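K.L.:
Structure in structure tokens, see below.
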Amino acid sequence: MGEYQALIQTLALTMGVAWASGLNLYAAIAVLGLSSATGYVALPDSLALVADPLVIFAASVMYCIEFMADKTPGVDTAWDAIHTFIRIPAGAMLAAGAVGEVTPAFTVAAGLLGGGVTAATHATKAGARVMINTSPEPFSNWGASLGEDLAVFAGLWAALSHPLLFVVAFVLFMLSLIWVMPRLWQGIHSLGQRLGRSLGLIPDKPVT
């Protein structure tokens, strides 16, 4: 029973940090660091660095910057584009560190899986923001951003405090992405086509 619980806890932490990094990397690092520094949770030695006060401070400052950038239409999309090269490798590194002291092959496997989860979550977030930004009012953008922030805090709390509950919710989330992502990218493609025609970059379809 103890080995089963340890496995669930490790799986929840590994997938939790990868998933959260795709939504808000800096919030994820700050939450992990504060949780460890206050003694709320014992992280693996390979993740002990996030509890360093300097890392917590830097993550908190960047979270405040992202908090504003993520709620400004247009700026949030540019921010997401830049963070494609930051969130995904960072999510993979955090996932690899979350498994603790294991064989190198297991660490690499965890990093690959974690990077894939971070990439899928980041792509869904960024794609949804592109569609939301077509709305003329800013409230949907603020609502989506605040929802993402709350999801990171609640998700990591569940991963640390109720790992089995998180694993079940995570599986349901990943299954929902299989359904959502093709429809989301189809919508983005249609939006790009309309924008291209309006700018004259794509010729209009001939009327038959």
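Please treat every number below as a calculation from the coordinates, not as lab data. The structure displayed is predicted, hence computed values, not measured ones. A quick note on method: Cβ atoms are made from the backbone with ideal geometry, for glycine too, and the neighbour counts reach across all protein chains shown.
K.L.:
For region 97-115: of the residues being free of Cβ contacts under 8 Å to residues at least 40 places away in the same chain and not hydroxyl-bearing (S, T, Y), which is surrounded by the most Cβ atoms within 10 Å (Cβ to Cβ)? If you could, list the steps in order and put the result at the bottom.
P.N.:
The initial filter retains those residues of region 97-115 that are free of Cβ contacts under 8 Å to residues at least 40 places away in the same chain, namely 102-109, 111-112.
Going one step further and asking which of them are not hydroxyl-bearing (S, T, Y), we end up with 102, 104-106, 108-109, 111-112.
Values: V102: 14, P104: 8, A105: 8, F106: 13, V108: 12, A109: 15, G111: 22, L112: 13.
Among residues in region 97-115 that are free of Cβ contacts under 8 Å to residues at least 40 places away in the same chain and not hydroxyl-bearing (S, T, Y), the one surrounded by the most Cβ atoms within 10 Å (Cβ to Cβ) is G111.
K.L.:
Right, here's the next one. Residue under question is V130, and the condition is that it be in contact (Cβ under 8 Å) with a residue 60 or more places away in the chain and farther than 12 Å from A28 by Cβ; does it hold?
P.N.:
Details: in contact (Cβ under 8 Å) with a residue 60 or more places away in the chain: yes; farther than 12 Å from A28 by Cβ: yes.
Considered against the rule, which asks whether it is in contact (Cβ under 8 Å) with a residue 60 or more places away in the chain and farther than 12 Å from A28 by Cβ, V130 comes out as yes.
K.L.:
Can you tell me which of (1) under 20 Å from E101 (Cα atoms); (2) under 14 Å from the mean Cα position of the chain (by Cα) is the one F85 doesn't meet?
P.N.:
(1)
K.L.:
Could you list all residues from region 85-96 that are surrounded by fewer than 17 Cβ atoms within 10 Å (Cβ to Cβ) and touching a Gly at 6+ places or on another chain (Cβ under 8 Å)?
P.N.:
Quick first cut of region 85-96, residues surrounded by fewer than 17 Cβ atoms within 10 Å (Cβ to Cβ) only: 85-86, 89.
Correct list: P89 only.
K.L.:
Within region 73-84, does at least one residue satisfy the condition of being without any contact (Cβ under 8 Å) to a residue 40 or more places away in the chain and either of a type in the set (G, A, S) or crowded, with 16+ Cβ neighbours inside 10 Å (or both)? Walk me through it before giving the result.
P.N.:
Quick first cut of region 73-84, residues without any contact (Cβ under 8 Å) to a residue 40 or more places away in the chain only: 75, 78-79, 82.
The next check asks that each one be either of a type in the set (G, A, S) or crowded, with 16+ Cβ neighbours inside 10 Å (or both); those that pass are 78-79.
Among the residues of region 73-84, at least one is without any contact (Cβ under 8 Å) to a residue 40 or more places away in the chain and either of a type in the set (G, A, S) or crowded, with 16+ Cβ neighbours inside 10 Å (or both), which makes the answer yes.
K.L.:
Could you list, in sequence order, all residues of region 132-161 that are surrounded by fewer than 14 Cβ atoms within 10 Å (Cβ to Cβ) and either in contact with a strand residue (DSSP E or B) (Cβ under 6 Å, 6 or more places away or on another chain) or of a type outside the set (D, E) (or both)? Give the steps one after another, and end with the answer.
P.N.:
We begin by selecting, within region 132-161, every residue surrounded by fewer than 14 Cβ atoms within 10 Å (Cβ to Cβ); these are 134-139, 143, 146-147, 150, 154, 161.
T134, S135, P136, P138, F139, G143, L146, G147, L150, A154, S161 - these are the residues of region 132-161 that are surrounded by fewer than 14 Cβ atoms within 10 Å (Cβ to Cβ) and either in contact with a strand residue (DSSP E or B) (Cβ under 6 Å, 6 or more places away or on another chain) or of a type outside the set (D, E) (or both).
K.L.:
Look at region 59-77 and say how many of its residues are under 23 Å from T14 (Cβ atoms) and either aromatic (F, W, Y) or over 18 Å from the mean Cα position of the chain (by Cα) (or both).
P.N.:
Here the count works out to 1.
K.L.:
Also: Across region 88-105, what is the total count of residues that are within 18 Å of A28 (Cβ to Cβ) and either under 13 Å from the mean Cα position of the chain (by Cα) or of a type in the set (D, E, K, R) (or both)?
P.N.:
Number of matching residues: 7.
K.L.:
Let me ask something else about it. Considering only region 132-169, state which residues are more than 20 Å from L184 (Cβ to Cβ) and polar (S, T, N, Q).
P.N.:
Hit for region 132-169 is S161, nothing else.
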